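Following: one structure in structure tokens, then a few remarks.
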Amino acid sequence: MSLTEALLHALKRHGASQIFGIPGDFALPYFRIIEESGILPLITLSHEPAVGFAADAAVRINGGLGVAAVTYGAGALNMVNAVAAAFAEKSPVVVLSGGPGRGESASGLLLHHQAKTLDSQFQIYREITCDQTRLDDAARAPADIARVLARCLRQSQPVYIEIPRDMVAQPCQEVPALPGTPIDPQALEACVDEILQRLEQASDPVLMVGVEVRRFGLEQQAAELARRLGLPVVTSLMGRGLLADADAPLLGTYMGVAGLADVTQRVEQSDSLFLLGVIVCDTNFGVSSTKIDMRKTIQALDEQVTMGYHTYPQIPLAALVARLLERVGPARPAPTFERYNFPRHMPADKAPIAPLDIATAVNDLMAVHGKMPIASDMGDCFFTAMDIENTALVAPGYYATMGFGVPAGLGLQAATGQRPLILVGDGAFQMTGMELGNCKRYGWDPIVLLLNNESWEMLRTFQPESAFNDLGQWGYAEMAAGMGGHGVRVTTRSELQQALEQAVATRGRFELIEICIPRGVLSPTLERFVAGVKRLNALS
């Protein structure tokens with residue numbers, strides 16, 4: 001088989017289901033083999049950032065590997081931000097980049113798409129991937145591919161594979177399967193002993209689940225662990241959407257001063273906070289009403305467990321959870337707590353629409369038609385999602401890049417076949433909204449809720465005096481028809497309700513609902529979040 005075919009078979013065996021990409025001249029040779037071999041389906045989009053976001057969302061929702069294929073220089077460098085987001089949020093995306101052939105590299109000429117040196121792109125990707133390789137030796141390629149893909153899955157972070165264009169069809173051996181990383185059973189046992197001892201001695205233990213629980217496919221196991229330990233469970237802000245379909249004593253999402261008072265109190269007063277796959281970052285903990293002493297927590301992340309002043313290295317999350325389940329007996333009585341009632345029953349009147357109305361209307365819709373997975377961009381659409389009934393959610397909650405929502409929704413539908421709900425602000429839609437034009441080719445039909453306040457409103461909340469936050473009216477609803485979908489603009493709650501019912505009843509095309517929101521009207525969650533950030537900034 002060819003080198004490219006060996007790579008494609010290895011990607012498929014490691015859990016890749018499709019490839020998102022954009023071709024270019026350095027990539028044309030390996031794109032031809034992707035298309036003609038049919039080993040993995042190829043989905044082309046319109047702009048490289050969207051390729052990265054779609055691949056990221058697909059693997060977040062489905063597991064396995066996400067694959068983003070681009071050309072050298074202008075393609076791969078254009079996708080840096082999306083890959084940086086995947087790196088920050090621990091999403092296993094494989095970046096495939098075409099590259100100059102060996103003869104071209106030795107020609108002495110500057111090559112088009114080249115930045116400072118021919119290696120500039122490779123060096124840039126060193127910063128935002130956990131492993132890299134250039135497949136310039138067919139004999140060595142199988143081992144290099146095996147190493148890189150294994151590390152991508154083990155660390156749940158992006159990797160980079162560059163394919164010189166004169167190497168794509170070179171004969172190549174099959175990529176070997178690498179054995180798993182050995183685990184010291186005595187270290188694992190000592191770690192589990194200490195965790196169970198700490199939890200048993202605690203008066204108010206709480207389990208918080210984060211993104212690694214989803215990345216390693218551990219939601220059902222984490223729910224079972226909570227039941228057996230009798231622990232209340234919360235998700236981190238980044239982990240919102242976890243345990244949506246699991247039987248777990250889920251209190252809600254911890255957001256500090258921006259969240260529910262009961263959840264905040266349980267977390268911040270816990271004397272044994274068990275952080276399972278939770279990234280310790282500002283969006284997860286930056287607006288805590290009481291500073292959490294991380295030395296008193298149990299942190300299981302990045303293949304290690306930290307308690308107090310010591311760390312157990314080389315303890316993968318899956319192995320830890322499995323051993324805890326083996327050690328813990330039958331389920332204990334569930335903790336008592338009052339479940340939060342998400343807003344329901346939006347009045348269908350002529351009142352203007354606020355973000356909380358959108359969440360209420362979506363809850364009403366899903367109560368009748370069933371839950372939908374959500375892809376959310378950043379801004380108030382993300383905080384509005386916090387008031388929507390817990391359902392599968394992909395969003396860049398930590399890296400907080402704009403432009404994620406629309407291509408993420410497309411990646412979600414490509415990966416699962418489910419019709420997604422996309423939440424996006426007008427500023428983010430200006431970045432990647434045109435990707436909806438690809439829906440017709442692939443039969444996708446997402447429902448897009450475009451929150452339009454003609455402003456970068458979340459930025460305005462921090463710096464209201466700046467006129468550069470004004471965006472103006474672009475006529476988004478009218479754009480939909482030209483892209484093969486249907487658009488409608490709504491300004492009242494009754495119009496929103498009617499548009500949602502019409503959208504869910506119509507299949508086979510994307511439905512764009514442009515929701516006009518008065519400037520300055522925010523979701524309650526964003527208001528609390530901004531107030532918390534401002535309070536903390538004033539103290540610093």
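The values are calculated or read from the model by the stated rules, or taken from the named source; none is laboratory data. Note that the structure is a prediction, hence the values are computed from the model and not measured. Cβ: placed from backbone, ideal geometry, glycine included. Neighbour counts: every protein chain shown.
Keeping to the range 214-235, report how many residues are outside any strand (DSSP E or B) and in contact with a strand residue (DSSP E or B) (Cβ under 6 Å, 6 or more places away or on another chain).
Qualifying residue count for the region: 4.
Please work out if Thr253 is under 22 Å from Ala392 (Cα atoms), crowded, with 16+ Cβ neighbours inside 10 Å and not basic (Lys, Arg).
yes
Could you list, in sequence order, the residues of the range 11-39 that are surrounded by fewer than 22 Cβ atoms within 10 Å (Cβ to Cβ), more than 22 Å from the chain's Cα centre (by Cα), at negative phi and not acidic (Asp, Glu)?
Of everything in the range 11-39, those that are surrounded by fewer than 22 Cβ atoms within 10 Å (Cβ to Cβ), more than 22 Å from the chain's Cα centre (by Cα), at negative phi and not acidic (Asp, Glu) turn out to be Arg13, Pro23, Gly24, Leu28, Pro29, Arg32, Ile33, Ser37, Ile39.
Can you find, within the range 491-529, the residue that is nearest to the chain's Cα centre (by Cα) among those that are crowded, with 19+ Cβ neighbours inside 10 Å and of a type in the set (Val, Ile, Thr)?
Here the answer is Thr525.
Hey, which of the helices (runs of 4 or more DSSP H) in the range 446-540, taking only ones fully inside, have at least 1 residues that are closer than 30 Å to His345 by Cα, assigned by TED's automatic domain parsing to the domain that holds Asp426 and in contact (Cβ under 8 Å) with a residue 60 or more places away in the chain?
Counting at least 1 such residues, we get 457-462, 493-505, 524-539.
Can you tell me which residue in the range 168-226 is farthest from Ala6 (Cα to Cα), limited to those that are among the charged types (D, E, K, R) and free of Cβ contacts under 8 Å to residues at least 12 places away in the same chain?
Glu200
Output the residue which, of all residues in the range 392-429 that are part of a loop (DSSP other than H, G, I, E, B) and polar (S, T, N, Q), is farthest from Pro373 (Cα to Cα).
It comes out as Thr401.
From the list Ala143, Ala115, Ala84, Ala88, which one is among the aliphatic types (A, V, I, L, M) and under 25 Å from Val175 (Cα atoms)?
None of the other options fit; the residue is Ala143.
Just for the range 56-95: of the residues that are hydrophobic (A, V, I, L, M, F, W, C) and assigned to a loop (DSSP other than H, G, I, E, B), which one is modelled with the highest pLDDT?
Ala76
Taking Ala428 as meeting all but one of (1) buried (at least 19 other Cβ atoms within 10 Å of the Cβ); (2) in contact with a Ser or Thr (Cβ under 7 Å, 6 or more places away or on another chain), write down the number of the exception.
Of (1) buried (at least 19 other Cβ atoms within 10 Å of the Cβ); (2) in contact with a Ser or Thr (Cβ under 7 Å, 6 or more places away or on another chain), only one is false for Ala428: (2).
What number of residues within the range 189-213 are in a helix (DSSP H, G or I) and out of contact with any Leu (no Cβ under 9 Å at 6 or more places or on another chain)?
Number satisfying all stated conditions: 8.
With the condition being among the basic types (Lys, Arg), assigned by TED's automatic domain parsing to the domain that holds Val209 and out of contact with any strand residue (DSSP E or B) (no Cβ under 8 Å at 6 or more places or on another chain), I'd like the helices (runs of 4 or more DSSP H) fully within the range 289-390 carrying at least 1 qualifying residues.
Helices (runs of 4 or more DSSP H) meeting the threshold: 317-327.
Quick check on the range 19-55: of everything there that is among the aromatic types (Phe, Trp, Tyr) and either part of a helix (DSSP H, G or I) or more than 28 Å from Arg154 (Cβ to Cβ) (or both), which residue is modelled with the lowest pLDDT?
This residue is Phe26.
Which of the following residues is of a type in the set (Gly, Ala, Ser), surrounded by 21 or more Cβ atoms within 10 Å (Cβ to Cβ) and either part of a loop (DSSP other than H, G, I, E, B) or modelled with pLDDT of 95 or more (or both): Ala244, Ala248?
Ala248
Answer yes if at least one residue in the range 294-304 is in contact (Cβ under 8 Å) with a residue 40 or more places away in the chain, on the phi < 0 side of the Ramachandran plot and under 18 Å from the mean Cα position of the chain (by Cα), and no otherwise.
Yes: one or more hits.
Return the pairs, sorted by first residue and then second, in which the second residue is of a type in the set (D, E, K, R) and assigned to a helix (DSSP H, G or I), the first residue lies in the range 48-70 and is crowded, with 24+ Cβ neighbours inside 10 Å, the beta carbons are less than 7 Å apart, and the residues are 6+ apart or on different chains.
Hits for this filter: Ala50/Glu435; Arg60/Arg214; Gly66/Asp56; Val70/Glu48.
Given the conditions (1) surrounded by fewer than 20 Cβ atoms within 10 Å (Cβ to Cβ); (2) at pLDDT below 95, and given that Gly397 satisfies all but one, which numbered condition is not satisfied?
(1)
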